[in-house]
Amino acid sequence: MSRVYNWQLGREMDYPFEGVRPEKQFAMIFDTNKCIACQTCTVACKTTWTSGRGQEHMLWNNVETKPYGYYPLGWDVNILDQHGVQEMDGPEYQGKTLFEAAPDGEIVLGYTPDDEDWAYPNIGEDDCTGSMEQGALLTMPHMQWMYYLPRICNHCTYPACLSACPRQSIYKRPEDGIVLLDQQRCRGYRECVKGCPYKKVMFNSVTRVSEKCIGCYPAIENNRQTQCTITCIGKIRLQGFISRPDEIREDNPMDYLIHVAKIGKPLYPQFGLEPNTFYIPPIHVPPQYLRQMFGWGVEDAIDTYKRASEDPQLLGAMLLFGATPEIIHHFKVEGRNVIGYDDKRAEVVRVPMREPIYMRVEYDSDLDVHRTNVT
Amino acid sequence: MNKTAFHCSLAAALVVGMAAAPVAAADTLRAVPVDATGPFNDPESEVWDQAPAVTVSLNPQQVTRPHHADIAVTELTVRAVNNGNWVGILIEWDDDTRDDWFVTDAFGDQVAVQFPVEGPASPMMGNPGGKVNILQWRAAFQRDLVDGEPDIRDLYPYALVDVYPDEVLRVTDARAFAGAMGVDNPVARPFESPVLEQMAEGWSSLTVKPMQHADGWGVWEDGTWRVAITRPANQIMPGDPDLSRGTETQAAFAVWDGGNREVGGRKSWSGWIDLKVEE
């Protein structure tokens, strides 16, 4: 075991390998407040990558309704139950990570889902926590609630799948931090399926080896964001690279949202994998639930998010979501626009900070009609 | 990730493992000479009646993680024969369930016999500089040979699929959608035998040999597996063990009970057993 630094936990932790960070790290931010679970991302991923034999059940990208949706069934409540109650109140995590909680003989605390658990990707869809009293009015946070959680592989800095593989068939690319599973080397032991707490490694019963999200690396290598990101009709995602915690750049939209404004929060940081997909928490959900899912600081994140219009940098970064298929490495707010640049600082997109509004008269005398929509 | 550090820790664990390796209470395994044609791949052949049985004790693999302390199989009965050209090993063990297919939570029964090839080798898949030859029989791959490789409706009868890439694309274009099959992963592509011939020089180094010479077959009946594994007695390729007549060498065994979710390092294993290929 090595001691590695996990910035999301604010402390060092045990990990089976030395802590070597990649040159740059694949990352994604999801605005859960904008996701409508249309599953366009899911279908884009499915048709691009998992249309083959044995991949029928695989959704490398999925969107589940929280709190009662899961893919596979019960993935998070199962591992949370095994993990037990942990102290988590920041700025330093007091509880145990899944590596530190591993039972004797195991590298990481985990479980193998039942085969049938993969058969209900839409379970709990749109299910609310409960019903409202007749005549009740919603207040914030909502008394009864649900929200959508889009998920891909987190391309963790300290992947449990990678550490659990006895054959070292899983590797993390030094150039972009994408975690890949070598399809030639894997022998289908499914230690990765057991070890990944997010259950984002899946077993192919036809090829008899495991498979996982590849972070659309052929697109990434061509400076293009992932399929799930560029097809998102709600523009809820931004994919790019997060800098090392000691090399934060304020002109990197990912860094700004995650490290500076701190509105992007990791998924179950207490597991200790340092996941690299981040979520803007839903503003209407009770903070107790959100703290368990996204760690401490969710209340501040929601507060900052609600006041985004007061911070041009934050608003600018958020307007880059879904604005271009290119990966944005730098951004700048200039006058009435936010401008996104690629890694060579060439402009790739320009978005107005405020959409222009055009007003039309209610009555058109030329056509002798009344308009119902004047903006 | 630093693989060197990992290998160093493996090597350290290996030394501990060898020192702590339980001594199997087994007599010498005698591969008795028989007047029969090889290969000896029929577990129900009468040829095995000529060979004395040796009991081999098994212990859980507990030197490297992950491991499974609660193993299902603790004892094997082993017989061996040779005819000068082929060596055959018959391995029998009790197993209440025949596990011979794969889905996410279903693992297959397997058994392996290992021979030292080069240098003093650890009984646990060798070590750097200590090469071993491993012949691994796998129940699920035998089932493929009998029933054909399963498609999705064999595994899930109500599965609905509209079209697969290999139905509409040219072979070369469809390969990219075939996962491990498309890159010829040796556990994904079909073989002519349920026995896979492999090399190892320590954990995580198990490699399928490009030329396969071993064969075998298993029969499960009344809660017992009887598996015959056979290979040529003489060295054909580099890395082959010498099992020619008069040779005194060693063999070690490993068993996986799929029903007990034993796979990879979660297995029961034996120490080295003396093996004499008799003239």
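Just checking the output field for A:104-112: average partner chain Cβ neighbours within 10 Å of each residue's Cβ? Could the numbers behind the result be given before it?
Values: counts 4, 12, 4, 3, 2, 0, 1, 0, 4.
Rounded to a whole number, the mean comes out at 3.
For A:VAL43 and A:THR324 in one chain, what is 0.36 nm times their gap in residues minus the Cα-Cα distance, to one decimal in nm? The partial results should precede the final answer.
On the way: separation 281, 0.36 × 281 = 101.16 nm, distance 1.96 nm.
Extra length from A:VAL43 to A:THR324 when fully extended: 99.2 nm.
What is the mean number of Cβ atoms from other protein chains located within 10 Å of the Cβ atom of each residue in peptide B:97-106, rounded to a whole number?
Details: counts 0, 0, 0, 0, 2, 11, 7, 16, 11, 4.
Average neighbour count from other chains, rounded to a whole number: 5.
Could you work out the local net charge near A:TYR93, counting Lys and Arg as +1, Asp and Glu as -1, over the other residues with Cβ closer than 15 Å to its Cβ? Spell out each step's value before the answer.
Details: positive: A:ARG3, A:ARG11, A:LYS96, A:LYS265, A:ARG291; negative: A:GLU12, A:ASP14, A:GLU87, A:ASP89, A:GLU92, A:GLU100, A:GLU274.
Surrounding charge for A:TYR93 is -2.
Restricting to Cα atoms and excluding each atom paired with itself, what does the Kirkwood estimate give for the stretch B:20-97 in Å? It would help to have the intermediate numbers written out before the result.
Details: mean 1/r = 0.0701 Å⁻¹.
Over the stretch B:20-97, the inverse of the mean reciprocal pair distance is 14.3 Å.
Using θ = phi - 60° and the Karplus curve 6.51 cos²θ - 1.76 cosθ + 1.60, what whole-Hz ³J(HN,Hα) does each residue of the stretch A:142-153 get, with Gly and Pro shown as x?
Once θ is set to phi - 60°, the couplings for the stretch A:142-153 become 5, 5, 10, 7, 7, 7, 9, 10, x, 9, 10, 4 Hz.
Please report the antiparallel percentage of DSSP beta bridges with both residues in chain B, rounded to the nearest 5.
90 percent
Applying a 10 Å radius around every beta-carbon, put A:297-304, A:223-230, B:226-233 in order of their mean neighbour count, most first. Each step should come with its number before you reach the end.
Details: A:297-304: 18.0, A:223-230: 22.0, B:226-233: 24.5.
Highest mean packing first, the order is B:226-233, A:223-230, A:297-304.
For the stretch B:127-279, what is the charge dipole size about the Cα centre, in debye to the nearest 20, if Lys and Arg each add +1 at the Cβ and Asp and Glu each add -1 at the Cβ?
It comes to approximately 380 debye.
Round to the nearest 0.05 the FRET efficiency obtained for A:ASP182 and A:VAL374 when R0 = 56 Å and r is the Cβ-Cβ distance.
Working from the Cβ atoms, E equals 0.40.
State whether the stretch B:87-178 is rounded, prolate or oblate according to the following rule on the C-alpha gyration tensor (a ≥ b ≥ c being the square roots of its eigenvalues): a/c under 1.5 gives rounded; otherwise a/b larger than b/c gives prolate, and the remaining case gives oblate. If you can, show how the numbers build up before the last one.
Working: a/c = 3.14, a/b = 1.71, b/c = 1.84.
In terms of gyration-tensor shape, oblate.
Using the Cα centre of the stretch A:174-325 as the reference point, and only Cβ charges (+1 on K/R, -1 on D/E), how large is the resulting charge dipole? Debye, rounded to the nearest 20.
Details: 18 positive and 17 negative charges, 177 e Å.
The calculation lands at about 840 debye.
Can you sort A:LEU137, B:LEU196 so the residue with the fewest Cβ neighbours within 10 Å comes first?
In order of increasing Cβ crowding within 10 Å: A:LEU137, B:LEU196.
What nm value, rounded to one decimal, do you get for the distance between A:GLU87 and A:GLU100 when each label is placed 7 Å out toward the C-beta?
With each label placed 7 Å out from Cα toward Cβ, I get 1.0 nm.
Of B:GLY129, B:LEU155, B:VAL171, whose Cα points farthest to the positive end of the dipole of the stretch B:92-201 (charges on the beta-carbon: +1 Lys, Arg; -1 Asp, Glu; origin at the Cα centre)?
So the residue furthest toward the plus end is B:GLY129.
Give, to the nearest whole percent, the P(r) tail of the protein assembly as shown beyond 31 angstrom, counting all Cα pairs. Spell out each step's value before the answer.
Working: 123092 of 213531 pairs.
Tail of the P(r) past 31 Å holds 58 percent of the pairs.
Under a plain spin-label model, where a point goes 7 Å from the Cα along Cα-to-Cβ, how far apart in nm are B:ASP70 and B:SER45?
Result for the modelled spin labels: 4.0 nm.
Rg(Cα) of the stretch B:150-189 divided by 2.2 N^0.38 Å?
On the way: Rg = 11.6 Å, N = 40, 2.2 N^0.38 = 8.9 Å.
So the Cα radius of gyration is 1.30 times the expected 2.2 N^0.38 Å.
Place a +1 charge on the Cβ of each Lys and Arg in the stretch B:150-189 and a -1 charge on the Cβ of each Asp and Glu, then give the dipole magnitude about the Cα centre in debye, rounded to the nearest 20. Intermediate results must be reported in sequence, preceding the final value.
Details: 4 positive and 7 negative charges, 23 e Å.
Computed charge dipole of the stretch B:150-189: roughly 120 debye.
Which whole-Hz couplings ³J(HN,Hα) result when phi for each residue of the stretch A:46-59 is put into the Karplus expression 6.51 cos²θ - 1.76 cosθ + 1.60, θ = phi - 60°, listed in order with x for Gly and Pro?
Once θ is set to phi - 60°, the couplings for the stretch A:46-59 become 4, 6, 7, 10, 10, 9, x, 5, x, 9, 4, 8, 7, 10 Hz.
Sum up the lysine pairs in chain B that clear both bars: alpha-carbon distance under 21 Å and a spacing of 8 or more or different chains. Display every interim value, and only then the final one.
On the way: B:LYS3/B:LYS131; B:LYS131/B:LYS209; B:LYS131/B:LYS267; B:LYS131/B:LYS276.
Close lysine pairs found across chain B: 4.
Could you name the aspartates and glutamates in cross-link range of A:LYS24, using Cα to Cα under 16 Å and dropping any fewer than eight places away on the same chain?
Straight-line reach from A:LYS24, under 16 Å: A:GLU175, A:ASP176, A:GLU221, A:ASP246, A:GLU247, A:GLU250, A:ASP251, A:ASP255, A:GLU274, A:ASP342, A:ASP343.
Of all DSSP beta bridges in chain A, what percent run antiparallel (nearest 5)?
Working: 38 of 42 bridges.
Beta bridges within chain A, antiparallel portion: roughly 90 percent.
Taking θ = phi - 60°, what integer Hz values does the Karplus form 6.51 cos²θ - 1.76 cosθ + 1.60 yield along the stretch A:315-322, in sequence order, with x for Gly and Pro?
Once θ is set to phi - 60°, the couplings for the stretch A:315-322 become 4, x, 4, 5, 6, 7, 4, x Hz.
If you count, for each residue, the other Cβ atoms within 10 Å and average over each peptide, how do A:88-94, A:184-190, B:118-124 line up from highest to lowest?
A:184-190, B:118-124, A:88-94
Ratio of Rg to Rh for chain A, alpha carbon only, Kirkwood?
Values: Rg = 21.6 Å, Rh = 21.7 Å.
We get a ratio of 0.99 for chain A.
What are the aspartates and glutamates whose alpha-carbon lies under 13 Å from the alpha-carbon of A:LYS96, with same-chain residues fewer than 8 places away excluded?
Those aspartates and glutamates meeting the cut-off are A:GLU12, A:ASP14, A:GLU87.
With label points built 7 Å along Cα→Cβ from the Cα atoms of B:GLU248 and B:ALA159, find their separation and express it in nm.
5.4 nm
Give the average, rounded to an integer, of partner chain Cβ atoms located within 10 angstrom of each Cβ in B:66-75.
Numbers: counts 14, 4, 2, 2, 1, 0, 0, 0, 0, 0.
Average neighbour count from other chains, rounded to a whole number: 2.
Determine the sum of side-chain charges near A:LYS199: Lys and Arg each +1, Asp and Glu each -1, restricted to other residues whose C-beta is under 10 angstrom from that of A:LYS199.
Numbers: positive: A:ARG151, A:LYS194, A:LYS200; negative: A:ASP76, A:ASP117.
Residues near A:LYS199 contribute +1 overall.
Of the residues A:THR207, A:THR139, A:THR112, which exhibits the maximal mean-square fluctuation in a Gaussian network model of chain A defined by a 10 Å Cα contact cut-off?
Checking each option, the largest mean-square fluctuation is seen for A:THR139.
Projecting each Cα onto the charge dipole of the protein assembly as shown (Lys/Arg +1, Asp/Glu -1 at the beta carbon, about the Cα centre), which of A:VAL369, A:ASN61, B:TRP203 comes out farthest on the positive side?
In the protein assembly as shown, that residue is A:VAL369.
Could you bin all the Cα-Cα distances of chain B into 5 Å bins starting at 0 and give me the percent of pairs in each, rounded to whole numbers?
1, 6, 11, 16, 18, 16, 13, 8, 5, 3, 2, 0, 0
Lys/Arg Cβ at +1, Asp/Glu Cβ at -1, dipole of chain A taken about the Cα centre: which of A:VAL338, A:CYS41, A:CYS165 is farthest positive-ward?
It is A:CYS165.
Please list, ordered by chain and number, the residues whose modelled amide H lies under 5 Å from the amide H of A:TYR147; skip anything fewer than 5 residues away on the same chain.
A:LYS66
Over 30 Å between Cα atoms, which of A:LYS200/A:LYS344; A:LYS46/A:LYS344; A:LYS235/A:LYS332 qualify? Numbers along the way, then the final one.
Numbers: A:LYS200/A:LYS344 33 Å; A:LYS46/A:LYS344 32 Å; A:LYS235/A:LYS332 19 Å.
From A:LYS200/A:LYS344; A:LYS46/A:LYS344; A:LYS235/A:LYS332, over 30 Å: A:LYS200/A:LYS344; A:LYS46/A:LYS344.
Pull up all non-local amide H partners of A:LYS96: gap of 5 or more, or a different chain, and H-to-H distance under 5 Å with H placed in the peptide plane.
A:GLU87
Any read-out appearing in this document is the output of simple, stated calculations on the displayed coordinates, not a laboratory observation. In this text the structure is predicted, and so the values were computed from the model without any measurement. All Cβ positions, even for glycine, are placed from backbone atoms using ideal geometry, and neighbour counts span all protein chains on display.
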